[in-house]
Ligand code: BMA
C-alpha cells in the first residue's frame, strides 16, 4: 500500500508522431475500488489492466491458473479508480492547445484533471482527447480515471433496450457483451477465460501545440508503368489561423520526392490534399511473392513565412510519419461461370491467401508484450503464411502488430470488432461505432499489409440461422444492416482504396447466404462441430475459406503452468476448465479412435491430438489448394492461444509450435506436391500446385516402399506447372504395384525436385491404426545446433521436443535408412541474439538426456 500518490516527472519528447511537446502519462499510477474511503491506494502500471494490477499486488491469484478465474469474477462487477500526479512546467502550459490524449480506455470511463471531468468514454476502440488547457496548471496536477464495471454497464444497457438482442454464450462468461464496445472475448469464449477487466490499455499523454498539428494521414496510390502517385490526405487541427506550408515527402525514395502546398488555414479542423510522384519505387509484396520494401512518408505543416513566430521551432515538429509500401491491392469479385471469384491481387498478381485467424495474444493487457507479436507473426511467416485475419471478437491490435505484418509480408484481413452476436443499433450505439471505425481506418489505412476491412465475424450467420426464430428478427435484421452500412460508408470515405466486405462469412451485402460455396467466403465447421470425418473436407469446393479448424491439446509443459500434476487428464475437472468447447474432448477422442490406436498415457494423447489436428488441416488445405484458382484462400482457425488450453491453435500459449504449425509450413509451401486418393480407391492422383509467379519445371519422384525399405515402385516424370497453376500430373494405380504389396506395411512418397519451395509428401494405403509399423531403432546425434535422426525402419510423425527449444522442422516421416536433420533454436529468440545460443540447449554428449523423441508406434508399442 502506498501512502502518497506517486509523483513522477514526465519526460518531454519530440515524437515524429505528434505535434509540439509530448508528455507521456504512462508508467506508475495507483488504483483502488471506487467508493473506498480509506487511503488504500495500490500501485498500478499503465498501460495495463486491473487484473494484472491486482495480481501484482497479491490481491488476487493468477486468474489463468487452475480455476482461479471463477473466484475473480467480482473484479469485473466492481467500479475502479486510477489516478496519478504529474508535473508540468510554465512553458508547457503556455501552448495554445494542451490536449489530453487517451489512446485507449477500457472501457466505460470518466477522466478528470484536478477534479474537472474532461473526457468520457464508452468504447475501448478509439482515442479520446480533450483540450485541458484550462485545467492544467504549472506544477503538480492530478489525473483521475473512474472506470465503471463493464458487466454492470452492459447489463444495464441490455435491460433498458426495447427488445432482446441475442448473443452466443460460453461456458464461463458474463452477460450482455453485445451492449458494450469492448473486446467481446473478454466476456469469455470457447477458447478463453472470462476476464472483462478495466484499465488504461493504450498510451495516455499530454500534447501541447501552437502550430497546426497533423492528426492523421491517409493515402491512395495510383500505379502507372512502375511509377506511383501518392494522393495524400492530411487531417489537421489548427489552433491559429494563418498561412501554412504543408509538406509531404518520401525521403528514402529515389530523387527524394516531395510536394509542398501553401494554404491559408482557419482555426479548427482542416483537410489538405497533395500528390507526391514517386519514380519507379520498389514494390511491396506479400510473403512468398517478393520483398517488403518500406518507405517513410513524412507529412508536416510549418509556418509559410519562416520568420513569423507561429510557435517554437515548427518545422518537423508538427508532422506525422507513416511507413508505407508501394503496392496495389484488390479483392477481385467478378462473375464467372460458377458464381463469383473471391481473390486478392497484389500488384496485379493473384495471391492464394494462406494463413490463419488471430485472436488476442494475452487474456489481459498487462501481460501483452510487443515481443509476443514479433514471435507469433515471425512464426506465421516461417510457416509460409501470407495472410492473418484479425478476428472480430478481440480488438484492433497495437501499432507494433501491423508494423510487423508490413515487414513480414503478412496481409491483414481486418474485421471490425463484432462477433457471434447481433448488436443494438440505437443512435448512440451507431454513432459510437462510426467514430470507432473512422478512428481505426485513419489509424491503420497506410499499412501496406492491410488487405480488406470486414464488417464482423459470423453476425450474418446469427441472422440467417442462429437467431432466425426470434419474433422480432426483421427488426434485428434492420439493425444489422444499419451497422454494416455505416461501416461500409466509413470505409468508402476514409479508405476508399480498400475493399469492404460486409461480414465473414458472407456472399455479399444483403444476400444472407453465408454458406454459399460459389461466391464470397465461407466458414466450414462440419468436421469439427458435427464430428464429420476428415473426408468431408474433400466434398467442399469453396471460393475462400476464412475459418475451419480442429482442436488439439497444448503440450504437457505448457499445460503444467496452469493445471497441476495429477490433474492432467483430458476430462479431469481442472483440465475441462481449460477446454471451453462443450464437446471438445468427445470430438477429439471419437475421431482418434477412428484413426489411431487409442493411447493411454496423457503425453501420448496430447501428441496424437496434435497429429490428428495437423492431419485435419492438411486434408482440407491441400484439397483447397488443389482447387486453385477456383478457390483462392484458406485461413485456418486459429493461429494462437491466450492461455494454456485445449484449442484449435497451431501455436500454443508461450510460442511453442504444435504439430499443426510444422505441418502448415509444409502444406503452405509455395510449391505443394500432394496426393489425392481418387474416389475409386485404387488410384492416387499426384498433384502439383504452384503459387509462384513463374512456371516451375522439375522432376517428380513417386516411390512406394515397404516400411523396411524395399522399393516396390518408382517413377520420375518431368513436369511443368504454370504460375498459379494446379493440376494432377501423375496417377498411381494400385494395379501398377506388385501383387504381393502389403498395404499395412508400405507407404507412398512424392517429391518435386529442382525447387527449394517444396517438401516431400506421403500417403498410406490404410488408416494409421491398421498400419503394422516396425521398431525404427532411431539413432540420434546432436551437433552444431542440429539433431540428426536416422531410422532403420519407417517411423511416422517423428517429433522432437526439449524444454525451451524450437525445431525448425518436426513431425516428419522417416523411411527405413533415411536420415533427417532438425535444426533447433530457443523457443523465444532474444532479438539481441538472433541466432540464439543453440549449443547450450541440448546435451550433445548424451542427447536423450535433454531431448525426447516420439513417433507414432511409440504411442502404443507397450500396449
Ligand atoms: C469460429 C470463430 C470463433 C470460435 C471458433 C471455434 O466460428 O469465429 O467464434 O471461437 O469458431 O468455435
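Laboratory data are not the source of any read-out in this text; all were calculated from the coordinates shown. Quick caveat: nothing in here was measured; it's all calculated off a predicted structure. Neighbour counts run over all protein chains shown; Cβ positions are idealised from the backbone, glycine included.
In the chain, the DSSP-assigned H stretches of four residues or longer account for a calculated mean residue ellipticity at 222 nm of -5000 deg cm²/dmol, using -39500 (n - 2.57) per stretch and the full residue count as denominator. Indicate the gyration tensor shape class of the range 24-112 (rounded, prolate or oblate), computed on the Cα atoms with a ≥ b ≥ c the square roots of the eigenvalues: a/c under 1.5 is rounded; otherwise a/b larger than b/c is prolate and the rest oblate. It is prolate, given that a/c is not under 1.5 and a/b is the larger ratio. Cα centroids of the range 510-538 and the range 798-812: how far apart, whole angstrom? That distance is 33 Å.
Based on the mean of other Cβ atoms within 10 Å per residue, sort peptides 258-269, 338-349, 656-667 so the most packed one is first.
My ranking of the peptides, most packed first, is 656-667, 338-349, 258-269.
The stretch between residue 382 and residue 569, if pulled fully straight at 0.36 nm per residue, gains 64.1 nm over its current Cα-Cα span.
Kirkwood radius for the chain, taken over all pairs of different Cα atoms as the inverse mean of 1/r, rounds to 29.1 Å. Each of 643, 358 was scored by other Cβ atoms within 10 Å of its Cβ. Listed from fewest to most, they are 643, 358. In this rough spin-label picture, where each label sits 7 Å from Cα along the Cβ direction, the residue 734-residue 152 distance is 7.0 nm.
Spin-label model, residue 120/residue 38: points 7 Å from Cα along the beta carbon direction are separated by 3.3 nm. Rg/Rh, computed from the Cα trace of the range 669-767 with Rh as the Kirkwood radius, has the value 0.99. Size descriptor for the range 212-316, Kirkwood hydrodynamic radius: 14.9 Å (Cα pairs only, one decimal).
Counting 0.36 nm for each residue step from residue 400 to residue 744 and taking away their Cα separation leaves a gain of 118.8 nm. Between the C-alpha center of the range 554-586 and that of the range 666-698 there is a gap of 37 Å. Rg then Dmax, both in Å and based on the Cα atoms of the range 481-537: 15.0, 46.
Label sites at residue 474 and residue 786, each approximated as a point 7 angstrom past Cα along Cα to Cβ, lie 7.2 nm apart. Taking R0 as 35 Å, what's the FRET efficiency between residue 259 and residue 434 from their Cβ-Cβ distance, rounded to 0.05? So the FRET efficiency works out to roughly 0.65.
Hydrodynamic estimate: the Kirkwood radius of the range 144-294 over Cα pairs, inserted into Stokes-Einstein at 10 °C and 1.306 mPa s, corresponds to D of 77 µm²/s.
Take the alpha-carbon centre of the range 594-659, take the same for the range 315-344, and report the distance between them in whole Å. That distance is 30 Å. Computing FRET efficiency as 1/(1 + (r/R0)^6) for residue 137 and residue 229, where r is the C-beta to C-beta distance and R0 is 41 Å, gives about 0.30. Assuming a ≥ b ≥ c are the square roots of the Cα gyration tensor eigenvalues, decide whether the range 117-167 counts as rounded (a/c under 1.5), prolate (otherwise, with a/b larger than b/c) or oblate. Because a/c hits 1.5 or more and a/b exceeds b/c, the range 117-167 counts as prolate. Once the Cβ-Cβ distance of residue 240 and residue 328 is raised to the sixth power relative to R0 = 51 Å, the FRET efficiency obtained is 0.80. In square nanometres, what is one fourth of the surface area of the convex hull spanned by the alpha carbons of the range 163-203? Here the figure is 3.4 nm², rounded to one decimal. Taking the square roots of 5 times each eigenvalue of the Cα gyration tensor of the range 302-446, largest first, gives ellipsoid semi-axes of 32, 22, 21 Å. Normalised by the number of residues in the range 360-439, the average gap of Cα pairs under 8 Å and 6 or more apart makes the relative contact order 30 percent. When peptides 423-430, 700-707 are sorted by average Cβ neighbour count within 10 Å, with the highest value leading, the order is 700-707, 423-430. Calculated on the Cα set of the range 363-406, radius of gyration then Dmax: 10.7, 31 Å. Protection proxy ranking for 133-145, 278-290, using the average of other Cβ atoms within 10 Å per residue and placing the highest first: 278-290, 133-145.
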